Structure formats: structure tokens, C-alpha cells
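To start, the structure itself, in C-alpha cells.
Since every read-out is calculated from the coordinates, none of them should be taken as a lab result. Computed from a predicted structure; not experimentally measured. Methodologically, a virtual Cβ is constructed for each residue, glycine included, from the backbone with ideal geometry; neighbour enumeration extends over all protein chains shown.
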Amino acid sequence: MEINKRKTEKVVEIGPIDISGIKADILALPPDSWNDEDSEKANYNKAGILRQTQHIVFRFSDKRKMPVTYFDLPLWEKWKDRLQPVMDAATKHFNYPNGFYPRVMLAKLPPGARIAPHTDGNVRQNRPHKIHIAIQTNADAFFFQFPEKYNFKEGIAYEVNNAVMHGVENNGTTDRIHLIFEYLEQKPQV
């Protein structure tokens with residue numbers, strides 16, 4: 001997999017995205033659904049730097065070996081008609097004729113939690129665009145791409161470079177919930 005020459009080197013604000021069709025549904029998810037989905041998550045870093053986050057994973061790709069495995073989780077069918085238009089709005093400026101979303105998830109970071117500084121160290125992860133859309137946040141929740149510090153605003157899409165040192169802190173009193181997804185020009189042949 002080649003490195004994507006169009007992937008950003010820093011945090012870039014893509015712009016406002018209409019999240020009105022998904023925000024209430026996401027915020028209405030009961031705690032049990034976060035707990036149940038997180039306990040079964042495809043994310044293999046449960047004990048590592050992501051241990052303070054909860055995830056609801058819709059689509060996933062296992063990049064630890066070649067060929068990369070792409071798969072939909074059962075919740076994708078239930079949510080895709082609501083999530084896909086939001087994701088398409090955030091990625092339309094790329095003008096990819098065969099765009100593909102290999103990973104789609106919700107990530108919740110509770111008050112007082114953090115994700116330690118890290119890089120998503122696999123060179124294969126340099127290929128997709130990594131997009132964040134804040135669904136719920138607060139003035140004291142920060143994304144760091146060192147040495148810069150960002151406060152992502154609700155309903156705004158951002159592209160981040162996950163291959164450089166980054167981290168997150170939620171120093172506020174509310175959960176920080178993001179829709180996070182990857183975007184490729186086309187689904188790779190596997």
C-alpha cells in the first residue's frame with residue numbers, strides 16, 4: 001500500500017457538516033450499548049493507549065497483516081443510511097470517484113480521561129485520510145498534534161495525520177464523542 005500523497009501533514013479543518021440527523025440518536029445511545037459494543041470491539045488496543053475510550057465500531061480493517069481484511073460489523077446495516085451522508089459530505093472535496101470507508105466508529109472519551117501521545121505506527125496507516133467529526137464536545141477537550149493543541153468544534157469535520165505524534169485530553173465535565181472514519185480513493189484489491 002503506497003503512502004497517500006494527499007494526506008494532510010497537520011490538522012486541517014474541512015468545514016461544517018450537518019450532524020442534525022445523527023446527533024440526537026448518538027447522544028440517546030444508552031450506556032449499556034457503549035459497554036456492550038466496547039467489550040466486543042474489533043479494536044485490538046483495549047489494554048493500551050485507548051483503554052480510557054469507549055468505541056462503537058461499524059466498519060473495521062485489520063491492517064496488522066497482508067492482505068488487509070475489511071469487514072462490516074452488524075451495526076453498520078442499522079446505521080449506514082444515517083452515517084453515510086454525513087461521511088460523504090465530509091469527503092466530497094477529495095473528488096474520489098470510487099471512495100471507500102474502511103473504518104467507521106464512534107469514540108467516546110469521558111471527562112478526565114486522556115489518550116496518551118502516540119503515533120499509529122504502521123506505515124500502512126499512512127494511506128487513508130483520517131476524519132473526525134465532533135458530535136459532542138466541550139471547551140476543555142483537546143486534540144494534540146504536537147506541539148499544536150486543537151479544540152474540535154461540534155459539527156465540524158477535521159482531517160488529522162495519525163502517523164505523527166498525537167493525543168487527546170478531556171478536561172471538561174461532559175463526554176467527548178467523535179465520529180471517526182478513514183477514507184480511501186478506492187477499496188484496495190485483497
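Run the numbers for residue 148 and residue 173: contour at 0.36 nm per residue of separation, minus the present Cα-Cα distance, in nm. The partial results should precede the final answer.
Numbers: separation 25, 0.36 × 25 = 9.00 nm, distance 2.26 nm.
Computed gain between residue 148 and residue 173 is 6.7 nm.
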>> For the ranges 175-185, 131-141, what's the packing order if you count other beta-carbon atoms within 10 Å of each residue, average per peptide, and put the highest first?
In response: 175-185, 131-141
> Extension gain residue 80-residue 138, at 0.36 nm per residue separation less the Cα-Cα distance, in nm?
Replying inline: 18.2 nm
